[in-house]
Amino acid sequence: MKKFLFIFLLVPIITFSQSAFISGNIDLCDNEGKSDITVSFNGITPFTFVYSVNGIIKPSVTTTENPYSIITDQDGIYELVSMSDATSSGSISGSAILSILTSPTSIISTIADTIQSINPSVQFTSESIGNIIQQEWNFGDNTASQTINNPLYIFPVNSSGQGVPDTYQISLIVTDYNGCMDTTFKNIFVINDYWMYIPNSFSPDDDQINDKFCIEYSGIRENTFSFYVMNRQGEILFKTTNPSSLLCRTNSGWEGKDLNGKDILSGTYVYEMYYQEWDGWKNTKHGTINLVR
């Protein structure tokens, strides 16, 4: 009688627990484009799933990617509705929240965007919209950015040529309390030019009208300035080397008195003026002043 030996092999049975999990808790600034909501799977590819946003069901997605990214900028709560892999349906879990934050708006304000090279300073003001907590300024002159509020900045003068402006592109990056940011730009032009206004008469009679001889100027080297008033015999009646002492805009000027402080009689007098422009050009001006009392 034959005997048989039976050998039983225990073969493990591999089972898959098909499932999908959605996750993400994201704050997205509304000027940052889109973000990722992540869906992770267990099972055999391909995976097919359906999700909803604020309860509104979206079209089904089939993918071999694991995890899969939903690229979106839609504000709301993201939840899975169903999933299946290559063999059967599976379980779903998790949720994701995408919150869209209103970004600030960066705005640069200046009194003027064209300035004279002799005084190349600009007061910058941020009129940005939003709960701003930080201003970062760059002045376009190869210097480092500055984190400062409403700066007064003095620009370098490159001397690119008389009448040819130096151009600087200013940028302002603002950040709000949510960490959202915005950037804006503004061009500032530094004019390498000068001008001089010299009147030909004044009436120092204390009537508050044209009582002083005064001038206006821009783009000169003030330390090179000199001004003389003489009678027809060449005698110096008045002189100054301080051009700002003659500025109309500050209500300064010559009141028609001689070097001893005495009133000069009505008449026509000769003046001479010397100064250098910002780039070194020398100027000599001659003319007459009518003094009327």
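Data overview
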read-out	value
FRET efficiency, 1/(1 + (r/R0)^6) with R0 25 Å, evaluated for Ser245 and Asn142 via beta carbons	0.10
The chain, relative contact order in percent, only Cα pairs under 8 angstrom and at least six apart counted	12
FRET efficiency estimate (nearest 0.05) - Cβ-Cβ, Phe185 to Ser23, R0 25 angstrom	0.05
Beta bridges by DSSP in region 19-101, antiparallel share as percent, to the nearest 5	70
Semi-axis lengths, Å, region 108-191, gyration tensor of Cα atoms, sqrt of 5 times eigenvalues	27, 11, 10
With 5 Å bins from 0: P(r) over region 19-101, alpha-carbon pairs, percent	3, 16, 28, 24, 15, 8, 4, 1, 0
Under 20 Å from the Cα of Lys58 - aspartates and glutamates, other chains or at least 8 residues apart	Asp36, Asp73, Asp75, Glu79, Asp85
Descending semi-axes in whole angstrom, ellipsoid equivalent of region 216-293, from the Cα gyration tensor	23, 14, 10
Placed amide H near Gln135: partners under 5 Å, 5+ positions off or other chain	Ile148
Convex hull volume per residue in cubic angstrom - Cα atoms of the chain	228
Difference of contour (0.36 nm per residue) and Cα-Cα distance, Ile133 to Ser52	25.5 nm
Under the Karplus curve 6.51 cos²θ - 1.76 cosθ + 1.60, θ = phi - 60°, whole-Hz ³J(HN,Hα) for region 51-59, x wherever Gly or Pro sits	10, 10, 10, 6, x, 8, 6, 9, x
Debye intensity ratio I(q)/I(0), log10, region 156-293, q values 0.09, 0.12, 0.17, 0.21 Å⁻¹ (C-alpha model)	-0.42, -0.61, -0.93, -1.23
Peptide ranges 73-86, 141-154 listed from the most packed, as the mean C-beta count within 10 angstrom indicates	73-86, 141-154
Spin-label pair Leu259/Lys34, simplified geometry with 7 Å Cα→Cβ offset, distance in nm	8.4
Whether region 187-244 is rounded, prolate or oblate, judged on the alpha carbon gyration tensor where a/c under 1.5 counts as rounded	oblate
Long-range HN-HN contacts of Glu222 with modeled amide H, under 5 Å	none
³J(HN,Hα), Karplus 6.51/-1.76/1.60, whole Hz, each residue of region 265-280, x for Gly, Pro	5, 4, x, 10, 10, 9, 10, 10, 9, 10, 5, 10, 6, 4, 9, x
Unsatisfied cross-links (Cα-Cα over 31 Å) in the set Lys186/Lys212; Lys262/Lys282; Lys212/Lys282; Lys257/Lys285	Lys186/Lys212; Lys262/Lys282
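Just so you know, all these numbers are worked out from the coordinates, no wet-lab data involved. These numbers come from a predicted model, not from an experiment. Backbone-built Cβ (ideal geometry, glycine too); neighbour counts: all protein chains shown.
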